[in-house]
Structures are given as structure tokens and as C-alpha cells.
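Novice: Input: one structure, supplied below.
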Amino acid sequence: MKQLLNKIYSPLLAVVWNLLLVYLVYQIARLTYYAENVSYLHYTSDVFRGGLLFDTSAIVYTNALYILLMFLPWHKKERQGYQLFCKWLYLIVNSIALAVNLADSVYFQYTMRRTTTTVFSEFSHEGNLGSIIGTEFLNHWYLVLLFIIIVAALWMLYAMPRLDYRKILRWGLYDIICLLSLLLAAPLCVAGIRGGFTTAVRPITISNANQYAQRPTDAALVLNTPFSLIRTIGKNVFSVPTYFSSEEELEAIYSPLHSRYSGESGLPKKNVVVLIVESFGREYIGALNKDLEGGKYKGYTPCVDSLINHSTTFRYSFCNGRKSIDGMPSILSSIPMFVEPFFLTPASMNDYTGLAGILATEGYETAFFHGAQNGSMGFQAFAQKTGFQKYYGRTEYEAAHGTNDFDGTWAIWDEPFMQYFAEEMSKMKQPFMTALFTASSHHPFVIPEQYQQQFPEGKLEIHKCIRYTDMAIGKFFETAQKQPWFSNTIFVLTSDHTNMSDHPEYQTDLGGFCSPIIIYDPSHPTGEIQDKVAQQIDILPTVLGLLGYPREYLGFGIDVLNTPKEETWAVNYLNGIYQYVKYGYVLQFDGTQTKAIYSLSDRLMKNNLKGKTEKQPQMEKELKAIIQQYMERMTQNRLLP
């Protein structure tokens, strides 16, 4: 009888054992994720506990078919062929889950979040992903080896039920046991997917991970990538909150509508040149980090340091997103990234414009330059949508200068492409507005062969690329200052986002958003670092303020040069948390309540002042107004005045 009972229960015991193996695999993947990004993340008991919750959901989602097939009350399934099919299904599904978890551990340092389904849209136009992935396989061979070992272990440790179904059928116990197992598994699976049993528990989402994280960045460690992908399939990105019941109250606190400029006219019209430098985080710039390393830090950007000596920049300056596709709308259309990249959402089909479109109505000639394959990252479509009349990509460059300057992976090297940029602007009629998006300071972090000795490896693999791109910027300005349009031009230099970091000050939730914003007007070389907060979405309003733009327009940022320092602010979004910088503090808000508030002088974000500062209620109210305005306008197609 004991032997018979063991046989009867073996399907249930086999499934339990096999799923426990999957839990172990997810924990190994999480520890690997942590080890790959140990300088950014904190592994705690809460991370482990929350991780089990999200792992359960992902495991049930991905293994639901396997569980169903194993518990079907159909005795003929206990044949070798059927059971072998179930084993292969189990192995393939969980191997894919392991692969995406391990791969995402490498991608995290560029985004500081788990990958969601928008990644497929983000890279849908790229033709070089094969070489990128191949390079990463070589660079992270140990992850490939770990994957092979774990998959082999799953195969060997898999429990295969072995039943003599003919004997069981005689007593009818087989169907009863399988049916009872299925009835038991069904509510457990539903609860596992939802994150709990009670009806008060809503299905867990990505933002719930913050409940178990000390900081928003740590939420990525609580989550797993299969869950993040599954929970963002076909989801409505923007949900409109109801913090304020009346439009009048909302507008009184915050409005993205900018009224007509009341100052002096900016005529004669100045040219506008915006340089968006790939991954050019504030950390790399010596002139903006004179306090680092006891005042001994030199940085990697001597040319930009020299430019800063003649420019206006800001003590606290931030990007509004962590990806290249976040930077474009923020910088050129004053639209920040909330929840997901703007032009990967349905809201990208709304009516909106940008700096190029606004200035084109004032008689400006406009052009966008990006040395990658035309259509890469969706930049060409965005440029056309926002009013750029011409687009210069790799196709146009190679038609003029041949194919020798392609870096082999992404784009034309920065040095020759920036010279091409200066050359083409000299053919344009003034006034003109142009934007350049560089590419060389990008993964896989290579530089031209002739500069290998001049720019050797730094502490991080990106450092040599930053040195190279800085040199290219210096040569661009050397060429530009010889052109007749140079002295009548406003230059703005910023980054699309930040990247690798080797200083703890830049590895915090807020430090990961520290980008330079440099405004250079050769006719007024100020050389001033203003004690203000600035962000990418301020660039459009600030430039229009400098030009004396005479009409109403919409932009979520402010004219930072014409705003008192106590009224300057910045906002960004990380793993379900909004970060709002103002009044010398940074507030972290999850959409419902404040999670933390830190002084800006607390650069390591160690002392949570929640409930201890009188500015907290005001900051909460202002941030709620920004969020509600953003969500309402996105969902109601109100991105124009």
C-alpha cells in the first residue's frame, strides 16, 4: 500500500519538487544581478522576502501550462512521450526566464531598472543588435557558463513521475488524485499571480516592489525580468490621478503653459545649436566636480571644462530619464519620462511639437544630425514629428564622405561627424536651429584605432570614450568659431542620460540622473555656475526665453535663467517612484504617499527626513500637480497650447 500511495502522489510531488528548483534558479539569478551591480544595489532580508512574492508570480505565469498538463485527470498522459514533452516544456520556459534575468543584470547599469516590453519597440529599428549581443556574450562569458550549468542541473534534477496507470485505473484513484491536485493548484496559482489570497489584494505590479526596497533603485533587485515583461504587455501606461478636483486649483499650483514673453525682443534672431552627448554624465566633468576626491579629481573632459569657463551652468542639473529615447523628448520638446519612454507610448501619437517646430514658425531653418543608421532608435521619426525640416544620418554622411568613418557597430565616429555637422551648418541660412546626437561614448565602448594610445583605458571602460568625445567636442568648437554664424549662436550642451559610475555620490537614486546643462553664448561668455536646479525639460523654455519668443507654448519645464533659484526644480521617475527636487531637498513619492525626503547636501542619501521638514507638504502638493497635469494632457491629447 505504501508503495502504491507513493506512485499515486508522485505527479504532485514531482511538480512541487520541480517548481522548488525554479525558485532556486530565480534566487541564483537575483544574486547574480546583485553581484553584477553591487555598487548600486543593496541586498536585504526585505529584498529576499519581496523577491519571493514576485518570483512566485513570474513562476506561475510562465509554468501555468506545465502545471496544467501535469495535473490533467487523464491517465494516458502517464506515458514516456507525454512526460518527456512536459519536461522539455518546463526546461525551455524556465531556461528563457533564466536567460532574460541574466541578460538584464548587464543592462541594468544603463537604465537602473528592470527591462519592460518597451525594449522591443526601443530597438526595433536597429540592425546591429546581433553584433552587440555577440560582444556581450564574450565580455560576460561567465554568465553564459552559469546559464549552461544551471540548465544542465535543471535537466538532471528534474523529477519525472513514473506511474503504473493500469493498476491505478482499476481503482479509479488516478483521476481523483489528479483532479484534487488540480483543484488545489488552481487557487494557489491565482493567489501567486495576484500576490495574495484576499480580495483586498490587487494584482501586484512593478511599483509594488518599492514596498520591499530601501531605495527606488533597489526595486529592480526585488523584481525579476520575466515578471516585468509579462506585467507590461499591452498595459495602459498612463493612469490619471485625481489629486485635485478642479482645473482652477490644478492650474494655480502648476501649469505647463507658458505665456507670451514680456521682455525685450531677441532680434536679430540668434541661431540655436543643441549638442546631446551620449552618456555624458555630470560625473565625468572635472569642472563640475571640484569637490570630488578631496578636490583632486580632474575628470575626463578638458575641452568641456574649458567651455564651462565661458558658459552658464548650474549647481544641480539633471536628466529626466535613463535612456536615449527619454532624452530626445525631454531636451527638444520639454516632455519628461514618466512610467515609460514617451515615444514608446500611445501618447506619442498626440499633437505636439518641439523647439525645432516652434522656431520653424519664426523663419528658422532646422536640421537634426545623428550619425547612426537612419531610423535608428526612432530618432528620425521623432525629429520629423517635432519640426525638423532636414535629417542628416549615416546615409547622408557616407554619401558625402564615404564609408571609412563607421565605427562598425552604431554610427559614424564622433570626431568626423561633428566636423560634418559644422560643415553642413555653414551651408544653412541664418537663423537656424540644429540638434546633434553623438554616438561614440556608447556601448561597446570603443574608439578609433589611431587614438588607442592617446586615450588609454580608464577606471571604467567608458572613460576612454568620454575622453575621445570630449576631444571631438573641442575640435568642433575650433571649427565652429571660424564660421560666420558662430558669434550669433546659442549653444546648449547636455547628455541624453548618465552611464557607468565609480563614485558613490553618483550611484544613488538621484545621482544616477546627474547630467550637465551648459549654455554657451559666444557674445556673452559668462563663465558662471548658478546656484539653481535645472533639468533637461528646462532647455526649451530657457532657449525661448533667451530668444524672446513672442507666443504662448507648452513645456513641462521652466525658463531657468529667468526663475529665482528657490523656484527652480527638477523631476524624474525611477522604478515606480517620482523624485522631485526643490527647496534644497529631494522628495521620493510613489503616487500615493511620500516614501522619503533627503537634503540635497546629503549626497549619499542616507538620512531620511520624512516628516521632519516643513517643506514636505508643499513639495507633495506641487509634485501631485505636475503628475496630474502630465497624465491628463497625455491621455486627453492636450500637448499644445
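The values are calculated or read from the model by the stated rules, or taken from the named source; none is laboratory data. Being a predicted model, the structure only gives us computed values, none of them experimental. A quick note on method: Cβ atoms are made from the backbone with ideal geometry, for glycine too, and the neighbour counts reach across all protein chains shown. The area values use the complete protein model at the heavy-atom level, side chains included, leaving out ligands, DNA and RNA. Shrake-Rupley method; radii C 1.70, N 1.55, O 1.52, S 1.80 Å.
Novice: Among the helices (runs of 4 or more DSSP H) lying completely within the stretch 322-405, list those that include at least 1 residues that are open to solvent by less than 30 Å² (accessible area, probe 1.4 Å) and either more than 30 Å from Gln629 (Cα to Cα) or among the basic types (Lys, Arg) (or both).
Specialist: 394-401
Novice: Here is a follow-up. Tell me whether the stretch 76-91 contains one or more residues that are at pLDDT 95 or above and not hydrophobic (A, V, I, L, M, F, W, C).
Specialist: Within the stretch 76-91, one or more residues are at pLDDT 95 or above and not hydrophobic (A, V, I, L, M, F, W, C).
Novice: What's the number of the only condition in (1) modelled with pLDDT under 95; (2) open to solvent by less than 30 Å² (accessible area, probe 1.4 Å) that Lys235 fails to meet?
Specialist: Result: Lys235 passes all but (2).
Novice: Further, regarding this structure: Give me the pairs, please: first residue somewhere in the stretch 131-155 and modelled with pLDDT under 80 and in a helix (DSSP H, G or I), second residue anywhere and open to solvent by 40 Å² or more (accessible area, probe 1.4 Å) and not charged (D, E, K, R), beta-carbon distance under 6 Å, and either six or more positions apart or on two chains.
Specialist: The qualifying pairs are Phe137/Val144.
Novice: State the number of residues belonging to the stretch 469-505 that are modelled with pLDDT under 95 and under 13 Å from Phe318 (Cβ atoms).
Specialist: Final tally of qualifying residues: 3.
Novice: Quick one: would you say Ile285 is at pLDDT 95 or above, surrounded by 19 or more Cβ atoms within 10 Å (Cβ to Cβ) and not acidic (Asp, Glu)?
Specialist: Yes; evaluated as a whole, the condition is true for this residue.
Novice: Oh, and also: Does Phe476 satisfy the condition of being in contact with a helix residue (DSSP H, G or I) (Cβ under 7 Å, 6 or more places away or on another chain), free of Cβ contacts under 8 Å to residues at least 40 places away in the same chain and more than 30 Å from Ile597 (Cβ to Cβ)?
Specialist: no
Novice: Right, next: Can you name the number of the only condition in (1) open to solvent by 10 Å² or more (accessible area, probe 1.4 Å); (2) in contact (Cβ under 8 Å) with a residue 24 or more places away in the chain; (3) assigned to a loop (DSSP other than H, G, I, E, B) that Lys532 fails?
Specialist: For Lys532, the failing item is (3).
Novice: Would you mind telling me which numbered condition in (1) over 14 Å from the mean Cα position of the chain (by Cα); (2) at pLDDT 95 or above Asn320 fails?
Specialist: Single failed check for Asn320: (1).
Novice: Out of Ser523, Ser501, report the one residue that is within 17 Å of Tyr284 (Cβ to Cβ), touching a residue at least 24 places away in the same chain (Cβ under 8 Å) and in a loop (DSSP other than H, G, I, E, B).
Specialist: Ser501
Novice: Next question. When residues of the stretch 506-536 are filtered for being within 19 Å of the chain's Cα centre (by Cα) and over 20 Å from Ser334 (Cβ atoms), how many remain?
Specialist: 7
Novice: Filter the stretch 535-551 down to residues that are at positive phi and either of a type in the set (D, E, K, R) or open to solvent by 20 Å² or more (accessible area, probe 1.4 Å) (or both), then give me how many there are.
Specialist: Qualifying residue count, the stretch 535-551: 0.
Novice: Right, here's the next one. Between residues in the stretch 420-438 that are outside any loop (DSSP other than H, G, I, E, B) and residues that are open to solvent by 20 Å² or more (accessible area, probe 1.4 Å), which pairs lie under 6 Å by C-beta distance while being six or more apart or on different chains?
Specialist: That search, which allows pairs on different chains as well, returns Ala422/Thr479; Phe432/Glu365.
Novice: Taking the stretch 215-228, which residues are touching a strand residue (DSSP E or B) at 6+ places or on another chain (Cβ under 9 Å) and outside any helix (DSSP H, G or I)?
Specialist: Correct list: Arg215 only.
Novice: Of all residues in the stretch 444-466, which are in contact (Cβ under 8 Å) with a residue 60 or more places away in the chain, within 24 Å of the chain's Cα centre (by Cα) and open to solvent by 20 Å² or more (accessible area, probe 1.4 Å)?
Specialist: Pro444
Novice: Could you tell me which numbered condition Tyr23 fails, if it satisfies all but one of (1) modelled with pLDDT under 95; (2) more than 30 Å from Thr135 (Cβ to Cβ); (3) open to solvent by 40 Å² or more (accessible area, probe 1.4 Å)?
Specialist: For Tyr23, the failing item is (1).
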